[in-house]
Amino acid sequence: MTCNNLDLLIKNIGVLATPVGNSAKGGKEQGQIKFIENAFIAVKGEIITGVGSADDLVDFEPCENTKVIDAGGNLVTPGLIDSHTHLVFDGWRQKELSLKLKGVKYLEILKMGGGILNTVRNTRKATLQELVANGMKSLDRMLEYGTTTCEAKSGYGLNLEDEIKSLIAIRELNRHHPVDVIPTFMGAHAVPEEYMENKKEYIKLIVEEMIPRVAQDKLAEFCDVFCEEGVFDIEESRYILECGKAHGLIPKIHADEMTPMGGARLAAEVGALSAEHLIYASDDGIKAMAESGTIAVLLPGTSFYLGESFARARTMIEAGVPVALATDFNPGSSPTESLQLIMNLACLKYRMTPEEVLTAVTLNAAAAINRASTIGTIEVGKQADIVIWEAPDLDFIFYHYGVNLVKMVIKKGQIVVQKQGR
Ligand code: NIG
Ligand code: FE
């Protein structure tokens, strides 16, 4: 009897569904999920110490202090991981909805000084405390919907002081909220109004002042660039990402989101950990990503919300590119914190199977933020980030859509969400 190894025991799990391993899965492997029926999970502190079917439970007899959870015969998966968000901002942009309905395109709104630049004006005015308070609300919502870890980008400050303020807000959110928040520097999210006629100077500010300071103060792990027509072109993006790399920031890239720019190939060339969006990624770019092992972080909520095409997820999976899925949560192109909605869209619009989607929001998402050895699967030694669903099996959460099917969320071995009466 290993009573010492048992702070938490989840039993009567109808079916436990999890990918396995410590690295991103592409091709056929993306759809390989381990299912254990009538399962249990044992946890000591923050770490999973046992996983198996009820027959093996004899080795894990609870002691007096063990918290025992009856999963009620439901589905259990790893906690969801949202690997691409713009979490920290002030000012929602619901006014853009009517423009959008009249057919005004996203990049046109940006050109008119709206869009991202509107949020920049508000974010600059906001205090650190206000940004943290906004972020807390969104993280609460994410957690309720099953997200236990998220990535968060700066990029609504667009000057040294306000980019740093945004990254400090992300650090505070990580410290004070149960959801782990992984920081990305995205000073190259747009060209701010005061540099509109002088983009070169803004790029100089990014590489000479912002990146060194961010790296020195250890405020971010990744550096991202919006490589897009009218924003940063291929060579500008390459230059910024290489500079980030020289300062220890791992490259990520908003690639081929609204126009085919060759961003996917650039991602492969600079050795980016992930390329994100990829709606217009070319065959050649996809092939290059497969060869370089770059993860595709796909964001179907953005396609849905902007009325754009959907990325070629099946082509990417078949080419061997590991696919992750994320919300792209932001006030402009994807105002939702619900990774469940994204999972539904991926299944129905990308034609990804439930198994492929599960890998995409757990293990592959963990790999896209460099965390695949600690989170993303339910295996002995991994962090106990777990969702108990109000669902009898994996297919159910893709079928009963548009509602929150989370019953309970466990983060680092602690219950952090518990739906009453369910
Ligand atoms: O990923 N593309 C750039 N950034 C976000 C949109 C940000 C905004 O509109 O505020 C995106 O779509
Ligand atoms: Fe984004």
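No value in this document is a laboratory result; all are computed from the given coordinates. In this text, all values refer to a predicted model and were calculated from it rather than measured experimentally. Ideal geometry is used to build each Cβ from the backbone, glycine not excepted, and the neighbour counts take in all protein chains shown.
With each run of n ≥ 4 DSSP H residues scored as -39500 (n - 2.57), what mean residue ellipticity at 222 nm is computed for the chain after dividing by its residue count and rounding to the nearest 500 deg cm²/dmol?
On the way: 16 runs with 140 residues, N = 422.
Rounded to the nearest 500, the figure is -9500 deg cm²/dmol.
Under 4 °C and 1.567 mPa s, how fast does the stretch 1-155 diffuse according to Stokes-Einstein, given a Kirkwood radius computed over C-alpha pairs? Answer in µm²/s, whole number. Provide the component values of the computation, followed by the final result.
Working: Rh = 19.5 Å.
Estimated diffusion coefficient is 66 µm²/s.
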Ranked packing of 234-245, 77-88, most packed first, by mean Cβ within 10 Å: 77-88, 234-245
Taking H placed 1.01 Å from N in the peptide plane, check which residues at least 5 places from residue 20 or on another chain put their amide H under 5 Å from its amide H. 34
When DSSP assigns beta bridges and you keep just the ones with both residues in the chain, what percent turn out antiparallel, to the nearest 5? 45
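Any chance you could run the full-extension gain for residue 400 through residue 309? It's 0.36 nm times the residue separation minus the Cα-Cα distance, nm to one decimal.
On the way: separation 91, 0.36 × 91 = 32.76 nm, distance 2.42 nm.
Stretched fully, the residue 400-residue 309 segment lengthens by 30.3 nm.
Below 11 angstrom from the Cβ of residue 266, what's the summed charge of the other residues (Lys, Arg +1; Asp, Glu -1)? Could you put the intermediate results ahead of the total?
Working: positive: 238, 265; negative: 233, 235, 236, 242, 256, 269.
Every neighbour counted, the sum reads -4.
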Set the Förster radius R0 to 25 Å, insert the Cβ-Cβ distance between residue 245 and residue 199 as r into 1/(1 + (r/R0)^6), and round the FRET efficiency to 0.05. 0.75
Separation of the stretch 119-156 and the stretch 208-263 by C-alpha centroid, Å? 21
Between residue 122 and residue 54, what length comes free when the chain is fully extended (0.36 nm per residue of separation minus the Cα-Cα distance, one decimal in nm)? 19.1 nm
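Past the 31 Å Cα-Cα mark, which pairs from 44/407; 34/245; 382/419? Before the final figure, lay out the partial values.
Details: 44/407 22 Å; 34/245 36 Å; 382/419 25 Å.
Pairs exceeding the cut-off: 34/245.
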Kirkwood hydrodynamic radius of the stretch 81-368 from all distinct Cα pairs, in Å? 18.4
Can you list the HN-Hα couplings for the stretch 188-204, worked out from phi with the Karplus curve (6.51, -1.76, 1.60; θ = phi - 60°), rounded to whole Hz and with x for Gly and Pro? 8, 8, 6, 8, x, 3, 5, 10, 3, 8, 8, 4, 4, 5, 5, 5, 4
Which of 11, 125, 412 moves most in a GNM of the chain, Cα contacts under 10 Å? 125
Could you give the size of the charge dipole of the chain about its Cα centre, using +1 on the Cβ of each K and R and -1 on the Cβ of each D and E, expressed in debye and rounded to the nearest 20? 620
The answer for the net charge of residues other than residue 218 whose Cβ lies under 14 angstrom from its Cβ, with Lys and Arg +1 and Asp and Glu -1, is +1
Amide H within-cut-off set for residue 329, under 5 Å, with H built and near neighbours excluded: 86
Amide H proximity to residue 321 below 5 Å, modelled H, separation 5+ or other chain, gives 27
